[in-house]
Amino acid sequence: MKLKNFINGKFENPISNEWIDNYNPSNGEVYGQIPNSSKADVENAYQTAKLAFPSWSQTTFEVRSRILIKISELLETNLQRFAEAESKDNGKPISLAKAIDIPRAASNFRFFGNAITQFASESHESIGQKAINYTLRQPIGVVACISPWNLPLYLFTWKIAPAIAAGNCVVAKPSEITPMTAFLLAEILNEAGLPKGVLNIVHGLGTTTGQAIIEHPEIKAISFTGGTSTGEHIARVAAPMFKKLSLELGGKNPNIIFDDCDYEDMLETTVRSSFTNQGQICLCGSRIFIEDTIYEKFKADFIEKVKKLNVGHPSENTTNIGALVSKSHLEKVLTFIDIAKEEGGNILFGGKKVIVKGFENGYYLEPTIIEVETDNCKVNQEEIFGPVVTIMSFKTEDEVLEMANKVKYGLSATLWTNDLKRTMRLSNKLQVGIVWVNTWMLRDLRTPFGGVKASGVGREGGFEALRFFTEAKNVCIKY
Ligand code: NDP
């Protein structure tokens with residue numbers, strides 16, 4: 001199947017007529033092709049978006065809201081089709097795509113369709129100076145949304161929905177590794193009545209198509225989710241042009257477990273926070289710190305639970321862990337496991353490729369638990385982004401806090417304790433953007449989402465996203 005770009009409400013071949021193979025991670029076979037879009041395709045997308053902007057930015061919020069909610073409904077109607085496509089393209093279990101990815105993509109449109117009806121700006125009365133100030137929140141113009149492969153439609157729509165809700169027109173690029181659901185989304189946009197040119201989807205490589213987008217002098221804002229080094233590169237390119245940036249980058253998140261926690265709940269959730277989506281979620285708790293009083297018990301129970309996870313073909317309902325997204329990613333994760341061994345890490349479980357019968361060339365890996373003696377080792381410091389966690393024990397709250405903060409990343413942290421004072425102390429001191437206490441990945445779309453340090457700049461979610469996608473202008477009237 002040949003995917004196409006979506007420009008000005010129409011499906012278009014790349015101008016160069018060059019194509020890139022798209023692989024199915026479950027069997028390692030090429031199953032489609034996507035446009036290898038060039039600068040000229042990006043320029044077309046930009047020009048179209050620019051033409052659509054005056055009308056879209058003046059469209060009433062009721063109309064915008066209605067269209068977004070319609071897109072959401074159409075995603076729900078097509079849940080099965082989208083979930084199958086996502087699972088095939090990414091390697092994730094179909095059950096996960098059906099329960100999380102596609103419903104969340106639908107929620108993103110519904111949420112921002114509703115949020116825009118409540119988005120308000122401030123006014124400040126300057127008493128004594130006989131003046132009133134009010135703030136206009138105006139759409140920026142043409143903006144870019146660039147998303148990664150791990151949660152393809154989920155993260156693509158998390159950016160697009162607030163961008164268009166706020167009245168912008170968009171040039172968007174999904175990851176070339178997982179282009180399928182972005183392509184399918186385009187069909188829905190026309191059906192939902194989104195005017196031509198408001199959302200343009202350009203497929204291609206990050207280093208060419210993505211690069212053309214971030215270099216475009218008239219694209220004034222970039223919302224990006226992806227790796228930290230790509231984020232760094234985008235920041236460098238964008239800085240001289242003073243583009244507005246929202247960067248959601250990598251994570252190496254601590255999962256801190258105290259002996260007073262609700263043990264069974266913690267254990268169940270820790271399996272999920274370690275291995276959901278093959279560990280390919282920026283929020284996964286990949287560094288597990290356990291209080292020494294329950295360390296041996298946890299170790300035995302955790303291994304027992306993880307052993308039961310079923311690594312298999314993504315389309316099987318019994319599969320807990322599907323395929324990793326690509327051959328090169330699988331190799332990268334395996335390299336980290338080798339590094340762990342060299343560094344003296346103890347592989348408690350997993351660490352090897354899995355051969356799934358009938359799909360021998362798929363990219364399957366066992367869920368892997370590595371016991372480390374020091375938090376300074378590479379596998380405990382660098383983002384692996386696969387089904388690999390490290391575990392180690394700690395004695396005191398101060399010690400674990402220091403280890404939790406001693407990485408370059410600062411996206412999220414999970415705490416397991418029933419001690420309220422300890423919860424408050426640690427939540428205040430953890431250098432992250434999100435703290436979960438006695439839960440993981442419980443998301444309320446109104447809350448600010450993002451990280452500190454090398455995990456990014458800016459916040460998405462709720463009004464934060466609508467603020468990002470608008471420029472504040474103060475108007476001061478003397479009376
Ligand atoms: P990448 O940084 O490789 O890619 C992300 C996106 O950027 C892709 O669409 C990619 O295109 C594109 N891209 C690559 N190079 C450029 C460039 N020079 N200019 C413009 N765009 C470019 O990340 P991955 O796709 O590998 O995703 C995994 C990373 O994403 C992990 O580090 C993970 O932690 C992070 N992530 C962060 C989240 C957060 O909210 N903080 C959430 C989810 C993931 P292409 O794929 O076609 O090369």
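The values are calculated or read from the model by the stated rules, or taken from the named source; none is laboratory data. Given the structure is predicted, the values throughout are model-derived calculations rather than measurements. In this analysis, Cβ positions are derived from the backbone assuming ideal geometry, glycine residues included, and neighbour counts consider all displayed protein chains. For accessibility, only protein heavy atoms count, side chains too; no ligands or nucleic acids. Shrake-Rupley method; radii C 1.70, N 1.55, O 1.52, S 1.80 Å.
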Considering only Cα-Cα distances, which of the following residue pairs are longer than 31 Å: Lys98/Lys353; Lys2/Lys98; Lys70/Lys98; Lys130/Lys244?
Lys130/Lys244
To the nearest 10 square angstrom, what accessible area does Lys252 show with a 1.4 Å probe?
10
Whether the range 10-133 is rounded, prolate or oblate, judged on the alpha carbon gyration tensor where a/c under 1.5 counts as rounded
oblate
Magnitude of the Cβ-charge dipole of the range 5-114, K/R +1 and D/E -1, about the Cα centre, nearest 20 debye?
460
Determine how large the accessible area of Thr374 is when every protein chain is in place; take a 1.4 Å probe and give Å² rounded to the nearest 10.
60
Accessible area per residue in Å² at 1.4 Å probe, computed on the range 383-463
42
Over all distinct Cα pairs, what is the inverse of the mean 1/r for the range 299-377, reported as the Kirkwood hydrodynamic radius in Å?
13.5
Reachable aspartates and glutamates, given that their alpha-carbon falls under 13 Å from the alpha-carbon of Lys429 and they are not under 8 places away in the same chain:
Glu397, Asp398, Glu399, Glu402
Other-chain or far-sequence residues with amide H under 5 Å of Val354's (modelled H)
Tyr364, Leu365, Glu366
Which value, to two decimals, describes the C-alpha radius of gyration of the chain once divided by 2.2 N^0.38 Å?
1.00
Provide the packing ranking of 293-305, 450-462, i.e. peptides ordered by the mean count of other C-beta atoms within 10 Å per residue, highest first.
450-462, 293-305
Just check the range 61-174 against the gyration tensor rule for me: Cα atoms, a ≥ b ≥ c as the square roots of the eigenvalues, rounded for a/c under 1.5, and otherwise prolate or oblate depending on whether a/b exceeds b/c.
prolate
Mind jotting down the distance between the C-alpha centroids of the range 400-425 and the range 73-119, whole Å?
31
In whole µm²/s, the translational diffusion coefficient that Stokes-Einstein assigns to the range 269-308, given a Kirkwood hydrodynamic radius over C-alpha pairs, 37 °C and 0.692 mPa s, equals 302
DSSP beta bridge pairing in the range 1-151, given as percent antiparallel to the nearest 5:
95
Solvent-accessible surface (1.4 angstrom probe) belonging to Leu334, in square angstrom, nearest 10
40
Can you give the % of DSSP beta bridges in the chain that are antiparallel, to the nearest 5?
45
Semi-axes of the range 401-460 from the Cα gyration tensor (sqrt of 5 times each eigenvalue, largest first, whole Å) come to 19, 16, 8
Any idea which of Ile177, Gly91, Ser37 is furthest toward the positive side of the dipole for the chain, if Lys and Arg beta-carbons carry +1 and Asp and Glu beta-carbons -1?
Ser37
Alpha-carbon gyration tensor eigenvalues x 5, square-rooted, for the range 111-178, Å
35, 12, 9
On average over all directions, what projected area in square nanometres does the range 368-479 have, based on the convex hull of its Cα atoms?
10.5
Using eta = 1.002 mPa s and T = 20 °C, Stokes-Einstein with Kirkwood Rh from Cα pairs puts D for the range 58-106, in µm² s⁻¹, at 186
Give a quick list of trypsin sites (Lys or Arg not before Pro) in the range 357-395 that DSSP marks as loop, anything other than H, G, I, E or B, with at most 12 other Cβ atoms within 10 Å.
Lys357, Lys395
Per residue solvent-accessible surface (Å²) - the range 196-329, probe of 1.4 Å
36
Within the set Lys308/Lys421; Lys10/Lys39; Lys39/Lys252, which residue pairs have Cα atoms separated by over 27 Å?
Lys308/Lys421; Lys39/Lys252
Grab the DSSP H runs of the chain that are 4 residues or longer, score each as -39,500 (n - 2.57), total them, divide by all residues and round the 222 nm result to the nearest 500 deg cm²/dmol.
-11500 deg cm²/dmol
Surface/4 estimate of mean projected area, convex hull on alpha-carbon atoms of the range 225-287, nm²:
5.5
Tell me the carbon and sulfur percent of the accessible area for the chain, rounded to whole percent, probe radius 1.4 Å.
52
How big is the dipole moment of the chain about its Cα centre under a simple scheme where the beta carbon of each Lys and Arg is +1, that of each Asp and Glu is -1, and everything else is neutral? Debye, nearest 20, please.
1560
